[in-house]
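Have a look at the structure below before the remarks.
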Amino acid sequence: MRPALPAESTAGSPIGLLGGTFDPIHFGHLRLAQEACNALALAGVRLIPAGRPPHRGVPGSTAEDRLAMARLAAQGNPVFEVDDGEVRSAQKSYTILTLERLRTALGSRQPLVLILGADAFEGLPSWHRWQDLFSLAHIAVANRPGYAPHGRRWPGTLSPELDQACYNRLITDPMRLRDQAGGLVIPFDMTPLAISASLIRDLVRTGASPRYLLPDSVLDYIGLHHLYENHE
């Protein structure tokens, strides 16, 4: 049985990474980051707004606006940090490029944990250089509403290709994330919150209030800058 990565001493507690378009960022994103931090004993979570998302159409707000909203949402929580690397980059926002940048900046021994929903994880084989992700970070898979709640089905629904990639990587003990810099896959549960950015945009566009679906500071920013009012 092959090890996921060579065993070696690591530097510090694992750092979580949560990327997304965040168009806009909402309580579903924030709760996912917080619960990952708690469940996996992370030192913190970096929120990484996509600058030029390669797998979807043009976002309803600019990269700068989405970065500003992420910073507002993260205020007051010491475990959150906002990473502007993808927004500042001229390249498309491929996760593999972000992991390579962070690995260079943080060193080869720092454990990194890429946080994904189960639906996103199941689509991993469509990602750019997806098999290289395992050499740069651990992957934590959140059981979202409608996707294997509380782990009763996941990971039994994986495609053969992804199942093979996960061979000898799947763990259940979050303390093992400290043992190496990356290469492991761990599922964890999250509280069901059926909130979507598209719902928030639709509410704004139709003149309805999305209050209590996202932080007030983000809602105020949307109103101040008239975001999404004519979107879609």
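Being closer than 21 Å to Ser13 by Cβ, under 16 Å from the mean Cα position of the chain (by Cα) and of a type outside the set (A, V, I, L, M) is a property that Arg46 has. Within region 1-45, being basic (Lys, Arg), farther than 19 Å from Ser217 by Cβ and at pLDDT 90 or above holds for no residue. Scan region 193-216 for residues that are exposed (fewer than 14 other Cβ atoms within 10 Å of the Cβ) and either more than 20 Å from Val58 (Cα to Cα) or without any contact (Cβ under 8 Å) to a residue 12 or more places away in the chain (or both) and the total you get is 9. Counting only strands (runs of 3 or more DSSP E) that sit completely within region 1-110, those holding 1 or more residues that are touching a residue at least 60 places away in the same chain (Cβ under 8 Å) and open to solvent by less than 40 Å² (accessible area, probe 1.4 Å) correspond to 15-20, 44-49.
For the subset of region 167-200 comprising residues that are in contact with a helix residue (DSSP H, G or I) (Cβ under 9 Å, 6 or more places away or on another chain) and in a helix (DSSP H, G or I), which member is nearest to Cys37 (Cα to Cα)? That would be Pro174.
The values are calculated or read from the model by the stated rules, or taken from the named source; none is laboratory data. Not measured: the values here are computed from a predicted model. Positions of Cβ are backbone-derived with ideal geometry, glycine not excepted, and every protein chain shown enters the neighbour counts. Calculation scope for accessible area: heavy atoms of the full protein, side chains included, ligands and nucleic acids excluded. Shrake-Rupley method; radii C 1.70, N 1.55, O 1.52, S 1.80 Å.
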